[in-house]
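Just so you know, all these numbers are worked out from the coordinates, no wet-lab data involved. Source: prediction; values computed, not measured. Counting neighbours? That spans all protein chains shown, and the Cβs are built from the backbone with ideal geometry, glycine included.
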Amino acid sequence: MKKISILTCVIGEPDSLVNTYNSIFNSLCEDVTWTLKFHQSTDSTFIKKIENKYVNIFKQSDTGLYDAMNQGLELMNEDYYFILGSGDELNGSSFQNVLELLKGDNFGSSIYFFPVKYLNSNLVLQPLPEKFPVMMACPHPGTIFNRKMSLEIGGYDTKYRITSDYDHVSRYVNKFGSGKKGGEILVSILAGGMSEQKALEAYLEEELIRKRVWHSVDWAVYNRMLQKSTTNISHFLNQVLDSAV
């Protein structure tokens with residue numbers, strides 16, 4: 001039986017991590033572990049709250065989220081992994097079905113994509129790997145990677161501060177294929193992540209990835225930028241007009 005680990009990278013002492021732990025606890029076993037990569041600054045007393053025989057805890061300095069994720073990949077020993085942010089929650093019953101699917105497939109695929117749901121919302125994001133050349137089409141927390149394959153392509157590129165997950169999965173799919181999709185909602189995620197907080201920077205990084213990895217031609221990049229700019233300007237003007245009425 002191949003083993004799988006859930007990787008979470010943490011800075012500080014977020015209370016929301018307890019919610020993540022509670023959602024994972026009943027799924028932990030010899031074949032399912034939780035890898036926690038804490039920043040050096042995290043208080044050791046807080047870390048003790050999460051200790052468990054199936055929780056692998058590491059504490060060391062890093063230069064940011066993607067450096068921490070690379071450290072986690074190097075430190076874990078499991079065959080497959082997926083990423084869960086602090087405050088995100090594993091869908092326990094669905095996860096058992098996911099495990100059965102992986103076992104039935106003999107873990108034969110290079111990568112598996114599953115839908116994710118927003119916490120406190122009915123919005124579900126479906127994986128569409130065929131659209132990777134033009135968008136981040138598969139939610140990162142719903143993607144199960146082969147650890148050795150992730151390391152083979154160099155892990156997460158730290159020059160991207162917001163969208164290295166898009167770069168990583170793009171290079172991964174380019175090298176190893178688009179794998180398989182499942183219908184089970186794997187995790188529920190918090191809204192308001194970095195890509196939403198810094199939407200413009202995230203978009204510019206995405207276009208660089210589309211250019212560098214998917215070899216998008218210049219006119220296609222310009223066209224997408226023009227369409228996005230037009231949409232944003234129109235939205236802004238509508239807000240201004242609404243407030244003026």
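Here is how the numbers come out for the structure above:
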| read-out | value |
| --- | --- |
| Most fluctuating residue given options N174, N26, N223, as computed from a GNM of the chain linking Cα atoms under 10 Å | N223 |
| Where a label projected 7 Å from the Cα of Y54 along Cα→Cβ would reach, residues of the range 12-44 with amide N under 14 Å | 21-35 |
| Spin-label model distance (nm) - E74 vs V124, 7 Å beyond Cα toward Cβ | 3.9 nm |
| Whole-angstrom Cα spans of the chain along principal axes, big to small | 58, 40, 35 |
| Equivalent ellipsoid semi-axes, the range 128-208, via Cα gyration tensor eigenvalues times 5, rooted, Å | 20, 17, 12 |
| Under 14 Å from the S234 label point (7 Å along Cα→beta-carbon), backbone N, the range 183-220 | none |
| Listed residues S188, S110, S93, most fluctuating in the chain (Gaussian network, C-alpha, under 10 Å) | S93 |
| Cross-link partners of K3 among aspartates and glutamates (Cα-Cα below 16 Å; sequence separation of 8 or more within a chain) | E30, D31, E74, E78, D79, E100, D105 |
| For F38, residues with placed amide H under 5 Å, excluding near neighbours | V10, F58, K59, Q60 |
| Rounded if a/c under 1.5, otherwise prolate or oblate - the range 72-191, Cα gyration tensor axes | rounded |
| Estimated dipole of the range 66-204 in Debye, rounded to 20 [Cβ of Lys and Arg +1, of Asp and Glu -1, Cα centre] | 280 debye |
| Those residues of the range 13-38 whose amide nitrogen sits under 17 Å from the label point placed on S44, 7 Å along Cα→Cβ | 13, 38 |
| Per-pair calculated FRET efficiency, R0 = 35 Å: K131 and D242 via Cβ, rounded to 0.05 | 0.60 |
| The chain: DSSP helices with Cα axial extent of at least 27 Å and average Kyte-Doolittle hydropathy no lower than -0.5 | 218-244 |
| Charge dipole magnitude, Cβ of K and R +1, D and E -1 - the chain, Cα centre, debye nearest 20 | 440 debye |
| Helical contribution to [θ] at 222 nm, DSSP H n ≥ 4, -39,500 (n - 2.57), averaged over the chain, rounded to 500 | -12500 deg cm²/dmol |
| Whole-Å distance, taken between Cα centres, linking the range 46-80 and the range 159-197 | 19 Å |
| FRET efficiency, I153 to Q227 (Cβ-Cβ, R0 35 Å, nearest 0.05) | 0.70 |
| Global geometry of the range 111-245, whether rounded, prolate or oblate, following the gyration tensor of its Cα atoms and the 1.5 cut on a/c | oblate |
| Cα gyration tensor category, rounded, prolate or oblate, for the range 176-219 with a/c compared to 1.5 | oblate |
| Selection from H168, L65, S94, by position along the positive dipole direction of the range 4-194 (Cβ) | H168 |
